[in-house]
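Notes follow once the structure below has been shown.
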Amino acid sequence: MLKNGSSYIKATIFIIGLCAIYLLTLKGGIVPSLLFACLPLIVIATAKFGQKQYYFYAFFIMNYVITGISRYIPMKIGVIMFALSIGILVIFFLKSIFQTYDWKRGFNLLTVVWFIWFLYCLLELFNPLAVSEAWLISINGYAIFALISAIIIPVIFPRFKDFHWLLILWAILSILAAMKGYWQKNRGFDAAELHWLFVEDGARTHLIYSGIRFFSFFSDAANFGITMGLSMTVFGISGFFMKTRWVKLLFWGAAGASCYGLLISGTRSAVVIPLAGLCAYTVLCKNIKYLILSGGLLIVILFILTQTRIGDSNPLIWRVRSTFDKEDASFKVREINKEKMKPLMRDKPFGIGLGLSGGRMERFDIDSKLSKLPPDSLLTMYWIETGIVGISLYLSLLVIIFIRASYIAMFIVKDKQLRNILFSIIAGLAGVFVAAYANDITTYPNGILINILFVFLFVAPYYDKELAEHEATA
């Protein structure tokens, strides 16, 4: 059945290609037509001789650095990343001409959950307040990539070593990001970064009374801090369980570099990620020794930050401590904005449409009181754009994902190294979604990175079986 379905897809692509060649011949002449006609041959040759993981590794790197590149070369990041996502999907289907895949790996609870969310986002197109152009811009980040990744990543990464190399690549990128932040702090900003700060108004949120917030090659300091908090948690925990010494040292190096990056970003909500992650890990590990060590460390950190003034003379420590201050001006502004939003959202149970929260309304000539109120966080943005119905559905689906992923890690996976990698990922993601109360966590690279990590939590039982078989035959 799946084979026949694939044949229909190929036939449809072939017919569309013929129509495109015909139209190009009519409109542009023979040269554009020949170039377009050669494109499928190039793609098929690439699909035949290239390793599928390599395409994804390249996509992963591009996702991590594209916002930094866009500071030097103007580009539409969303359009490019969407095109690359579809490109990987096309190459993947073309590769099915030459080899068969175990498709059942791509159909699990995560696929069902993201399909439900995709359907809801699809229905948002018919929201009377929605703008189709804004919907098209936002739908990839909202639902399409999550669904595509849930289906194809389990098939693209059939072996544990493929997943392992992706983690290594992520660790290297995290170190590079922290190094770029270190360069900015000690060598200053380059011309493009200064232009962003002083011409594009980035200085308003990055040169503040408590000091400079550094942003590495990310879109802003908040995005940088969230990314560093996630990698710090994942590599800090999983580094203890790596069997290979150089990988262990790499992961700990990435965790240390990410901790430095988090601090210089000045993103206070990102501090919550490793702390919430440590809480999640103590629950997941079911090990008294780890529970006492991690729980004790967490209590000491929280006590120092909330009950003492140790290190207040250091602006980095002072910033971290202010995260827990309910009297903080930034915290109060967020709460005031949410109170203003509540009466405006009472008659909008399905929200105002994807891609229309905050100042983004102005691009489509929409005048609304909501456009003057910044959402400030992922959860608030989803509430405004998809309504109370949408945010309730999204949070319910997230709970299902975390419960199932935790069950897999705690009770299904037996390999110690793999199990603790899963614990570290769950802990990091739990921390990120706590931080989502105060920040948008879906900007590049975080949105795509989070969806990728979710998939590996669900494909882990296949890796566990592979590792068990390898151990039995070793």
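The values are calculated or read from the model by the stated rules, or taken from the named source; none is laboratory data. As the structure is a prediction and not an experimental result, all values here were calculated from the model. Glycine also receives a Cβ, built like all others from the backbone with ideal geometry; neighbour counts cover every protein chain displayed. Surface accessibility is based on the protein's heavy atoms, side chains included, excluding ligands, DNA and RNA. Shrake-Rupley method; radii C 1.70, N 1.55, O 1.52, S 1.80 Å.
Numbers for the structure displayed
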item: Helices (runs of 4 or more DSSP H) wholly inside the stretch 285-360 containing at least 2 residues that are at pLDDT 70 or above; result: 288-307, 329-345
item: Residue that is modelled with the highest pLDDT [pool: residues in the stretch 191-222 that are over 26 Å from the mean Cα position of the chain (by Cα) and either acidic (Asp, Glu) or open to solvent by less than 40 Å² (accessible area, probe 1.4 Å) (or both)]; result: GLY211
item: Unmet criterion (only one of (1) open to solvent by 30 Å² or more (accessible area, probe 1.4 Å); (2) within 19 Å of the chain's Cα centre (by Cα)) for PRO128; result: (2)
item: Which numbered condition GLY253 fails, given (1) assigned to a helix (DSSP H, G or I); (2) more than 24 Å from the chain's Cα centre (by Cα); (3) touching a residue at least 60 places away in the same chain (Cβ under 8 Å); result: (2)
item: All positions within the stretch 373-402 that are among the aliphatic types (A, V, I, L, M) and over 14 Å from ARG360 (Cβ atoms); result: LEU378, LEU379, ILE388, VAL389, ILE391, LEU393, LEU395, LEU397, LEU398, VAL399, ILE400, ILE401
item: Residues satisfying the stated conditions in the stretch 146-190, i.e. assigned to a helix (DSSP H, G or I) and open to solvent by 80 Å² or more (accessible area, probe 1.4 Å); result: LYS161, TRP165, LEU176, MET179, TYR182, TRP183, LYS185, ASN186, ARG187
item: Checklist (1) modelled with pLDDT of 90 or more; (2) over 22 Å from LEU379 (Cβ atoms); (3) not hydrophobic (A, V, I, L, M, F, W, C) applied to SER132, failing item; result: (1)
